[in-house]
Structure formats: C-alpha cells, structure tokens
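The values are calculated or read from the model by the stated rules, or taken from the named source; none is laboratory data. Computed from a prediction, not measured in an experiment: that's the story for all the values here. Backbone-built Cβ (ideal geometry, glycine too); neighbour counts: all protein chains shown. Accessible surface is based on the protein model in full, side chains and every heavy atom, while ligands, DNA and RNA are left aside. Shrake-Rupley method; radii C 1.70, N 1.55, O 1.52, S 1.80 Å.
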Amino acid sequence: MAGDYRFSFGPWNIHEGADPFGPTVRPSISFARKLKMYKKLGFDAVQFHDDDAVPDMEKLTPAKIRKEAAAMKKMIASEGLVAEFVAPRLWEHPQGIDGGFTANDPACRKWANERAKRCIDIANALDTRLIVLWLAREGTYIRESKNAIEAYRWLLESINAMLEYDDKIEIAIEPKPNEPTDMAYVPTIGHALAMAQHSVDPKRVGGLIETAHALLAGLDPSDEMAFALSMGKLFSVHLNDQNGLKFDQDKSFGAANLRGAFNQVRVLELADYPSTGRFVGLDVKAMRTQKADVAHKHLANSRAVFLRLLEKVRTFPNEIAQDCIAARDYEALEMLVLEHLMGS
Ligand SMILES: [Mn+2]
C-alpha cells in the first residue's frame, strides 16, 4: 500500500532531546547506528546537511571533503540507502551568525558562497543532484540592520553562482517565515518561486515545502504544495505537524492537524508525485519526554499515518463528492470528508 511513495529522513530526526530550556535527555546515537535503523523503519533515503556527510568539513581541503563524501556514499550504499539531498548548514558557523548569503560583511558572504560550492561537491560524491536551501538566518532580527533590497539581490547572486558552479544540480528552496530570525526573507513558496524565475536557470530551482513552516506563515501546507506542483516545482517535502503559532515544533505528521495531513497526501496523490521520482521527506522530532529506546517511533508513526491517509485518499467516495460539488452543497461535502476520515 506504499503506492510508489519512497520516504526519507535526516539523521537529526533521531536526536538527544535538548531544547532551548534544557540539556540533552538521551544519549547520542552514532551515525552508523542510525543508518541501520532506516530500512527497519521503512525509509529508503537519507537527507544530509553537508556536515552530516563530512563532519568538520571547515577544517578540510576541498579534495579531502570530496574523498570523505565518497566514503559516506559507500557507507549508505552498503545499507541499501541513497542520499536524497544535501543542504549547506550555514547557520551554526560564526561566519553565518548574521546570515551567510545576506550578511552585511562581504567576508561572510564569500564564506557562505564557498561553503555552498563544497556542499555541491558533497552532493556529487553522494550521487544526488538536489541541494536544499533552508535559509535559516537569511533575514533580520531588526529590520533596520540590513538593506532588504540588496539582501534579496545577494541571495539571487548566490543561487546563480551555485547553478553556474554545477550545471546539473537542482536547488530546492525551503521557505520559513521566522525562527531563528525574527523575519526571514523567503517566507513562502511564492517568494521562493519568484526568485527561481529570476535565476539564470529557472527550471533547476524549485521548492521544498515543510508542513510546519507553512502553518507558521498562516498558510495551508497543501495549497503551498499545490502552488509548486502546478509549476512542476515541488522538489521535496518535509512532512510534519505544528500546533498553532509558536516555535517550530516538527511534530509527527498528522498529530495536530489530521485533516490538514489528509489534504497534503491528497495533493501529492492528485499530482501523481511518485511519478516525479521525488522522495516524501519527513522532518519530525521525538518528544523530549520520550525514553531513549523508543525515541525513533515518531518516524515510523509519521510514515504509517501517511500510508493510512493515502488509503483514505484512494478510497474517498469521489462520485458522491462530485454530486455534492455539482449541487454546490459543500456542507454535504464537508460531512462526507469527516465521515470518511472518522470511518464507520
Ligand atoms: Mn521545522
């Protein structure tokens, strides 16, 4: 019943449970041990930050980075896994403190652009073409600290530099409206795809929609996905959930908004997403209260919810729905949806 959907997650989704108010509560699990868990949990691909694939990359030469990434490729292949994407982690390094691509300091912008090239080298070694840009600190804590017009132009220049560095890579911009910054420069897929159209190769720039990020922007995740899908530009998703406007929660898929989750699966199914060959990525966090030996359940659970909702999408009484739509009886349609989701 998996359809042809294939699933991915990132090694950071199995984590030690630290939050801004308290230290870790679970022991670290080695990357090698995490890799062993992927297939068991029903996943086929690994999402990488550049330094997940090549730890301490800042201390290594470009040649050494490529070599270590090639070793990582062998390691994941030995578990029957592939890399879905690589994302440059610009937000932890001191040079990225005020954003990398949009930093006021030209030395920081130069660092960010170089780091993005090393990220592309790693993607090549891992045999994936997809680069994800979560633009974490590309924004402001106070509006007056940057010239936003200039910042948007720098961001586009950085995207163009990446496209020109490698003529095969694809870039998926992952919008998020805030956190860690007060306000981010690319808060929605509309912003991301407008930038894509202004790049030197628009067909190679698309988006990755994260459920929680769309909800934080006050938008419907399935419509955000639909916008990208309508242009053939949904390069990946980060399915998870979010309970209202607060910190980015990365709850298990469907845990807070089951009907919203149904609609996300529905829109992927309407677009025949598996035929694009893209993965369904999850980006979910285990609750801090979860004990170490069961701190992976959120991953299998999120995938299970996706597949249960896929079944609900595929068994939805479409003919009755069409009658409701023809009669413009949306109250009847609403009840049909609710009855179907609740089951009999
Ligand atoms: Mn998130």
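For region 7-315, the share of alpha carbon pairs falling in successive 10 Å distance bins from zero is 6, 27, 37, 25, 4, 0 percent. What pairs in LYS176/LYS251; LYS39/LYS64; LYS117/LYS168; LYS246/LYS312; LYS73/LYS297; LYS73/LYS176 have C-alpha atoms more than 18 Å from each other? Listed pairs above 18 Å: LYS39/LYS64; LYS246/LYS312; LYS73/LYS297; LYS73/LYS176. Computed from the C-beta positions of LYS74 and ARG129 and an R0 of 22 Å, the FRET efficiency is 0.70 to the nearest 0.05.
Could you state, as a whole-number percent, how many of the C-alpha pairs of region 10-149 are farther apart than 23 Å? The calculated P(r) of region 10-149 puts 42 percent of pairs beyond 23 Å. Working note: Cα atoms of region 94-244, range along each principal axis, descending, whole Å: 39, 38, 26. Counting Cα-Cα pairs of region 171-279 in 10 Å increments starting at 0 gives whole-percent bin shares of 15, 49, 31, 5, 0. Each Lys and Arg contributes +1 and each Asp and Glu -1, all at the Cβ; summed about the Cα centre of the chain, the dipole is approximately 1120 debye. A 1.4 Å probe run over the chain, with the rest of the protein chains in place, finds 47 Å² accessible per residue.
Kirkwood Rh and Cα-based Rg: tell me the resulting Rg over Rh for region 246-295, rounded to two decimals. If you can, show how the numbers build up before the last one.
Numbers: Rg = 13.9 Å, Rh = 13.0 Å.
Taking Rh as the inverse mean 1/r over Cα pairs, Rg/Rh reads 1.07.
Looking at the chain alone, DSSP beta bridges between its own residues are antiparallel in about 15 percent of cases.
The chymotrypsin sites (Phe, Trp or Tyr not before Pro) of region 130-208 that meet both conditions, a loop assignment by DSSP and at most 15 other Cβ atoms within 10 Å of the site Cβ, are TYR141.
By how many nm would the segment from ASP166 to TYR330 grow when fully extended, if each residue of separation counts as 0.36 nm and the alpha-carbon distance is taken off? Display every interim value, and only then the final one.
Numbers: separation 164, 0.36 × 164 = 59.04 nm, distance 4.94 nm.
That works out to 54.1 nm of additional length.
Top to bottom by accessible area (1.4 Å), largest first, where do ASP4, ASP50, ASP44, ASP182 land?
On the way: ASP4 120, ASP50 0, ASP44 50, ASP182 80 Å².
Largest to smallest exposure gives the sequence ASP4, ASP182, ASP44, ASP50.
Reducing region 206-231 and region 320-338 to their Cα centroids gives an inter-centroid distance of 25 Å. Per-residue accessible area (protein heavy atoms, 1.4 Å probe) orders SER252, SER236 as SER252, SER236, starting from the largest. Taking trypsin sites (Lys or Arg not before Pro) across region 163-226, the ones in a DSSP loop with at most 10 further Cβ atoms lying within 10 angstrom of their Cβ are LYS168. Placing unit charges on the Cβ atoms of the charged side chains and taking the dipole of the chain about its Cα centre, the candidate lying farthest along the positive direction among VAL280, PHE7, THR24 is THR24.
Would you mind getting the Kirkwood hydrodynamic radius of region 277-331 from its Cα pairs, rounded to one decimal in Å? Don't jump to the answer; show the numbers that get you there.
Numbers: mean 1/r = 0.0695 Å⁻¹.
The answer is 14.4 Å.
Dipole orientation for the chain: of the candidates PRO317, PRO177, MET57, MET57 has the Cα lying most toward the positive pole (charges on Cβ; Lys, Arg +1; Asp, Glu -1).
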